[in-house]
Amino acid sequence: MDFANRLTRCPRPFDPDPAEEVSALFEGEPPAIRELLAGAAGCSPYLRGLMRREAEWLRQALSDGPEAAVDGALGAIESPLGPALRVAKRRVALIAALADLGGVWSLHDVTGALTRLADMAVDLALKDQVRRQIERGKLPGIENADDGGGLVALAMGKMGAGELNYSSDIDLICLFDESRFAPDDYPEAQAAFVKAARGMCTLLSDQTAEGYVFRTDLRLRPDPVVTPVAMAMARAERYYESLGRTWERAAHIKARPAAGDIAAGEAYLERLRPFIWRKHLDFAAIEDAHDIRLRIRDHRGLGGPITLPGHDMKLGRGGIREIEFFTQTRQIIAGGRDPALRVRGTLDGLARLTAAGWIGEDVAFRLSDHYEAHRLVEHRLQMIADAQTHSLPENEEGFARVAAMMDRDPEDLRKEITERLSDVAELTEDFFSPDAPPRSGDPDLTEAQATLVAKWRNVPALRSERALDIFDRIRPKVLERLLESPRPDQALARFDDFLRGLPAGVQLFSLFEANPQLIDLIADIAGTTPDLASYLARNAAVLDAVIGGSFFAEWPGQTALETSLAQVLARASDYEARLDAARAWARDWHFRIGVHHLRGLIDGEEAGAQYADLAGAVLRQIWPEVVADFSTRHGPPPGHGAAIVGMGSLGAGRLHARSDLDLIVIYDADGVEASDGRRPLGARLYYTRLTQALVTALQAPMPQGRLYEVDMRLRPSGRQGPVATSLQSFATYHRGEAWTWEHLAMTRARVVAGPDVLSLGITDVRDEVLAAPQDAGAIRADVADMRRRLEKARPEAPLDPKAGPGRLQDIELLAMTLGLLSRSPARAVAQQIRAGTAAGLIEAEDAVKLREAHDTLANYRTATRLLGEDTIEPEALGASGEALLLRAAGCDRFDEIPRILHEFAVRAAGIFETFLGREPQEEKGAKP
């Protein structure tokens, strides 16, 4: 469709004489076209001059349509490049203005055409200048300029986002790929690229008889006062990683490789992604953006109430920059966690933020509408004289000219602009600087407490003024919450440890300020359990999940955990990186279980099962990684491979926060004598070293912590036996040589990782051993002896749920004995007790009492291990810790706990004594 049939609006001529002149110049064109041209010429001296100069071309362009006209203007660029680019600029600027004024194009179409022109102009100018350097022999090893010779121009700001306004400057950062040059050639290459970048700017910016192409600004590069206009990418990366500021992160949201070596530019931005998009929710960006806004206002004198004469539609209150900052800041806050938010355009950003739930639909709609309206006014201001201005006219005549360009009544337009500016200011000001009550001072502190708090200003997390400022705002709330504890001095001391463990504070303190409920959580953790507080100090980003809600979701189960960990491992680049990723992943989940338990969302039994799920998932995913890495040196596992068997609490499916893992490794070489690899090993040595590699992977202390401590003393023959046992030896040993304690341990054995065929073989051996008849009398005697030795090794303590007659160790020993004598495959304590009851080994009433005692003591121990050690000092507990122990013990006062533990222990010990005193022939299922 031609131009005339697409017109939807038309400017009114403000100056009648130029309008009549242009109307006469284009006599013969359709009336609607002549009216558009006359209106444009009567409002804009600049457009009137372009129409005169390009009259012949414009007649054809109006007939072809604006899209074809732009294509033709860009396609006609030839040498010499300088004049050709300026002709193209005139023509694209003219047709874009007319398409804008006539309503033929949307804002997106107008800014897109201007950006397309800029991209082509920069690319041609850059390559032209690089080609000159190649011809002079200044770029060693570079034969042509087709890809810029390694030099790329990153389009920043509106050009990067495809949003150039009508008379935009263009902001560029010029970088070169230093890896394309030998170290000795680097200085010469940099000097050549600097000359090329400067030549490009001159070619684009110089005002000649043909005009100019684009005013070009290279000052957005790192530290522009001291750095060259073309920088090595590695140097820029080092700058951003160490010194980059929030405004530079925001600027890079819109960064786009626009000219030269596009592939190198894209790779550079990908490497810079962790700087731009932080993994955690970055609420510190709000205040940074607010500070930038205020500095711009102060510097340009743009503060104060909105008054239209001279108001800056870009930088003033309620202007375009307010909407851009609002959008970019929210993108920075959440874009590290949500890749869908990583878009360059302002309107696209608002739409994505709405879809992700970060802003409401009404807010997004209003800001988007105001943005387009503001940009429409901005374009009219710039079309008048091709000036890079954003300010409304100071006088009535100037404003009337703008209104005529928009075919609006001046008073109606004035009212609309005022309302739009005010609405934008209201929407954005609430976000950047929400109304808040006056800051309150610290609550009353004792002299000792005040001394402790005063020292906080010297901790590493508060070494910057920015961190101090934010912390000073949240400190009253933090102190208030900590002082609510029954033992405030202890709570303050624990928080002091937490604070001193933080490497930095701005991000975390901003998170607290934006989400005050986190302060309650931190007070609970810091005032209760040193382990969780220490973890949180080193891994504050875990709080993102708390804000997002996923932290408090239902437990996913081991299968889902395995899938999650597998995805994490798949993203790591090598074996060590995968182990580090697994450590970080496991610690996050370990922390989650602890917090849920501490805050009463799960009880001790659920926490124990979740810790076991977590360990199972880690072993299932790490074992193949260990095997694969070991195989690269020594070849694949000989025979059927090896499997990991969980013993003790892991096998029974109940761990606690400080559990180590009782493991044995069983392999089946299936007659294969040695591995087949670069460094082959005999089968036995192969599996021994493979097991040692597993232990190292699990318990080696690394920056991310260790996965688990490992105990392999439950393997056949204990410490004297090989660390890896063949399936045949395992079966032979347990069928004829194993001690009673080893058969008892077998009752809790469970294959947790390894090939299916081998796992079934191990399970069959276990079930066969447990199903065999037992000498009940000998077992009783052995168990009685074991009890005596355990009691002697660790005396009973009133608050120790584990050691002593009738306590956990004792109950679990009895349960394993019941499982062994009843020939049951059960592993968990409760199931083994039920099996013993069914076999007539204990009375049903005693079984109930035994399970109750085990449940309470196990829950109490799971709680104490979360808080620290088995033996708890009451005066060292915080309020949440005390509540945790009371829930576990099932009582209301802490001083009741020793009595309750004692009563359960006495009851369980009596049942055990009764069991040991029975005659073997009275028991069903046991060998007399």
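Output the relative contact order of region 581-674, whole-number percent, from Cα pairs under 8 angstrom with separation of 6+ residues.
On the way: 91 pairs, mean separation 27.4, N = 94.
Computed value for region 581-674: 29 percent relative contact order.
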Matching label, volume of the Cα convex hull per residue in Å³ computed from the structure shown, candidates (i) 213; (ii) 229; (iii) 197: (i)
In degrees, nearest 10, the alpha-carbon axis of helix 829-838 is tilted away from the dominant principal axis of the alpha carbons of the chain by 40 degrees
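Net charge near V645, counting Lys/Arg +1 and Asp/Glu -1 over other residues with Cβ under 12 Å of its Cβ?
+4
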Set the Förster radius R0 to 22 Å, insert the Cβ-Cβ distance between A191 and V225 as r into 1/(1 + (r/R0)^6), and round the FRET efficiency to 0.05. 0.70
Between helix 284-300 and the chain, what is the angle of the helix's C-alpha long axis to the longest principal axis, kept within 0 to 90° and rounded to the nearest 10? 20 degrees
Rounded to one decimal in nm, the spacing of the 7 Å Cα→Cβ label points at V459 and Q388 is 4.7 nm
Step through the table entries K89/K254; K158/K314; K89/K127, compare each Cα-Cα distance with 21 Å, and write down the pairs that go over it. K89/K254
What GluC sites (Glu not before Pro) does region 1-88 have in DSSP loop regions with at most 15 other beta carbons within 10 Å? E27, E78
Students often check this: by mean Cβ neighbours within 10 Å, which of 899-909, 122-132 ranks highest, and how do the rest follow? 122-132, 899-909
Cα centroids of region 154-192 and region 742-809: how far apart, whole angstrom? 69 Å
Would you please put 469-475, 254-260, 836-842, 234-240 in order of how densely packed they are, using the mean number of other Cβ atoms within 10 angstrom per residue and starting with the highest? 254-260, 836-842, 469-475, 234-240
Sum of side-chain charges, S23 neighbourhood, beta-carbon under 10 Å (Lys, Arg +1; Asp, Glu -1): -4
Most to least packed among 829-835, 216-222, 556-562 [average Cβ atoms within 10 Å]: 829-835, 216-222, 556-562
Between the residues G162, A830, I602, the Cα farthest towards the positive end of the dipole of the chain, that dipole coming from +1 and -1 charges on the beta-carbon of Lys, Arg, Asp and Glu, is from A830
Just check region 3-65 against the gyration tensor rule for me: Cα atoms, a ≥ b ≥ c as the square roots of the eigenvalues, rounded for a/c under 1.5, and otherwise prolate or oblate depending on whether a/b exceeds b/c. oblate
Is the shape of region 548-615 rounded, prolate or oblate, going by the alpha carbon gyration tensor and its root eigenvalues a ≥ b ≥ c, with a/c under 1.5 for rounded and a/b larger than b/c for prolate? prolate
Expressed as a percent, the accessible surface of the chain that is carbon or sulfur, using a 1.4 Å probe and the full set of protein chains, is 50 percent
Separation of the L916 and D184 label points, Cα + 7 Å toward Cβ, nm: 8.4 nm
Keeping all protein chains in position, work out how much accessible area D588 exposes to a 1.4 Å probe, and write it in Å² to the nearest 10. 60 Å²
Using a 1.4 Å probe, how large is the accessible area of W623, given in Å² and rounded to the nearest 10? 10 Å²
Given a 1.4 Å probe and heavy atoms of the protein chains only, how would you sort D146, D574, D810, largest accessible area at the top? D146, D574, D810
Compute, for region 686-793, the length of the dipole vector about the Cα centre, with Cβ point charges of +1 (Lys, Arg) and -1 (Asp, Glu) only. Units Debye, rounded to 20. 420 debye
Within region 615-716, report the GluC sites (Glu not before Pro) that DSSP leaves as loop and that have at most 16 other Cβ atoms within 10 Å. E673, E709
Rounded, prolate or oblate: which fits region 99-211, taking a ≥ b ≥ c as square roots of the Cα gyration tensor eigenvalues, rounded meaning a/c under 1.5, else prolate when a/b beats b/c? prolate
Average accessible area per residue (Å²) across the chain - probe 1.4 Å, nucleic acids and ligands excluded: 42 Å²
Going by alpha carbons, how many degrees (0 to 90, nearest 10) lie between the helix axis of 361-383 and the longest principal axis of the chain? 30 degrees
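Below 8 Å between Cα atoms, with a sequence gap of 6+, how large is the relative contact order for the chain in percent?
About 8 percent, as a whole number.
The values are calculated or read from the model by the stated rules, or taken from the named source; none is laboratory data. Since this is a predicted model, take the numbers as computed values, not measurements. Because the Cβ atoms are built from the backbone with ideal geometry, glycine has one as well, and the counts that use them run over all protein chains shown. Just the protein is used for accessible areas: all its heavy atoms, side chains included, with ligands, DNA and RNA removed. Shrake-Rupley method; radii C 1.70, N 1.55, O 1.52, S 1.80 Å.
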